[in-house]
Amino acid sequence: MAHLRTEIFAEQAKAMTAQQELSLLRNAFRQGKANGKVRESYVRLLLLDEAFGEAIEVLEVTTDRSFSEEAMLTQAWLSVETVEGNAKASESGTRALLLAASDPERAAALAARGKAETRLGEFETARDSLNAALDLDPANKDACKRLVALDLAANRPDAVLALFERLHAQGAGHARLFAAQTLAQARSGDFAAAANSGGMPDLFESTVLEPPPGWSSIEQFNDALAEELLAHPGLRYERYGSASVKTWRIEAPARHDTPLFKTLLERIVEALGRYGEATDGSDHPWAAHRPDAAFLRNWCVITEGEGFEDWHVHQFGWASGVYYVQVPDEISNGTGPEGCLAFGLPADLAGEQGSAGYGEHMVRPRSGLFMAFPSFSYHRTYPHHTGGKRICVAFDVRPLPAHSDGSAAPAG
């Protein structure tokens, strides 16, 4: 039976950049005008701005911290990446656990604490925290990711496959879980099974988009779009916690003064709708988790000669993809890996033999190329070593919860 077409809500245009919003909230906080909700928004923006010390200062003097604030304090201490910070994060995770009001919140606190315990070398204690998190919420992505990493580091792919079977039987079907299955199969040397669960090439799609009405070619449209993006006030260098290395990023490109980007989003939504419908015939278990409604999260990545993306998956998405706005000729006409998008498995998780046995599939970018793939697919990019800029728009189709009446919850 065919699945209904996924309803995709594009990200709403922002009136201000995150930096502008942070400046307003910082002033309000310093003037004593910040209530609990304003304080939470302020700290969330501090974390996005990588002002971890300032976030810790604000939260440590707050005696009536909510669960969300305690969880953000845990995140801030983890982001410091010191032994003291990890110890503080473990303590904060325990406090968040006591403040939690639901099983998913308790699972989130345990997952964060498990991350701190892993960094502290308390591996068995971390396993207990992460297993407890998954007992409370089998769909917790962070706990799954961290427990899988512990088992693969201990060369226990069978334990990972057992975890996959257990969590999938309980209804979990997120990117971290499907990625774990492929990693474990490759690590154990079962490359045929890994290729099947990895979905390449059946679950991948690439095409060059047609130019929007009024544009003579997709290259002409992209040249104008590139100018719009390069002038964006939200352009920033790198971001902590992302796979980007030596890159420029725009976290929220949609604004009232980016009409060409809005046009691109409309075309991406149309292409993703077709991609989703094409999965109806697949027997891969990932296809059965296609959402009825989803939020299109998008961002822009601009790499100069030395920039690249390290191995990663998109854990919040069901499907992900990329659209290439500007690609130096040396990349699109090249023959080597420079500037290419590569799908495969990281050796630190799959093992050297597992990564080599699974192989790497290269995609050569060109202006106007649209590509969609399952969010569980590990991928990276190579530095292009040219004097130009490689500009792309990346995106996730992120499942939205339904209201009690079955209608889709609006995008955030």
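Between THR335 and ASP64, the contour length at 0.36 nm per residue exceeds the alpha carbon distance by 91.7 nm. Partners of LYS262 within straight-line reach, counting lysines whose Cα lies under 23 Å from its Cα and excluding those fewer than 8 residues away in the same chain: LYS14, LYS389. When the charge dipole of the chain is built from unit charges on Cβ atoms (+1 for Lys and Arg, -1 for Asp and Glu) and taken about the Cα centre, the candidate among SER217, GLY321, PHE29 whose Cα reaches farthest toward its positive end is PHE29. The calculated FRET efficiency for PHE123 paired with SER242, based on their beta-carbon distance and R0 = 25 Å, is about 0.45. Listed by chain and number, the lysines whose alpha-carbon sits under 18 Å from that of LYS88, ignoring those within fewer than 8 places in the same chain, are LYS115.
Quick one: which of LYS33/LYS141; LYS141/LYS246; LYS33/LYS145 span more than 32 angstrom between C-alpha atoms? Kindly include the intermediate steps, with their values, before the conclusion.
On the way: LYS33/LYS141 36 Å; LYS141/LYS246 27 Å; LYS33/LYS145 39 Å.
LYS33/LYS141; LYS33/LYS145, as the Cα separations exceed 32 Å there.
Of the trypsin sites (Lys or Arg not before Pro) found in segment 24-116, those that fall in a DSSP loop while having at most 12 other beta-carbon atoms within 10 Å are LYS33. For segment 354-367, the Karplus equation 6.51 cos²θ - 1.76 cosθ + 1.60, evaluated at θ = phi - 60°, returns couplings of x, 5, 5, x, 6, x, 10, 10, 8, 10, 8, x, 8, 4 Hz by residue, with Gly and Pro reported as x. For GLY305, the residues whose amide H sits under 5 Å from its own are THR386, ignoring neighbours fewer than 5 places away on the same chain, with H placed 1.01 Å from N.
Extending 7 Å from Cα along the Cβ direction at ALA192 and again at GLN19 yields two label points whose distance is 5.5 nm.
About the centre of its Cα atoms, the chain shows a dipole size close to 560 debye [charges on the beta carbon of Lys, Arg (+1) and Asp, Glu (-1) only; nearest 20 debye]. Quick check: pseudo-label points 7 Å beyond the Cα along Cα→Cβ at LEU235 and VAL80, how many nm apart are they? Placing both labels 7 Å along Cα→Cβ, they lie 3.5 nm apart.
How much length is gained if the chain between SER216 and ALA356 is pulled fully straight, taking 0.36 nm per residue apart and subtracting their Cα-Cα distance, in nm to one decimal?
Result: 46.0 nm gained on full extension.
For VAL397, the amide hydrogen comes within under 5 Å of the amide hydrogens of TRP318, ALA319, SER320, counting only partners 5 or more places away or on other chains and with H modelled in the peptide plane.
Values in this text are rule-based calculations from the coordinates and carry no lab data. Here the structure is a predicted model, which means the values were calculated and not measured. With ideal geometry, Cβ positions are generated from the backbone for all residues, glycine too; neighbour counts draw on all protein chains shown.
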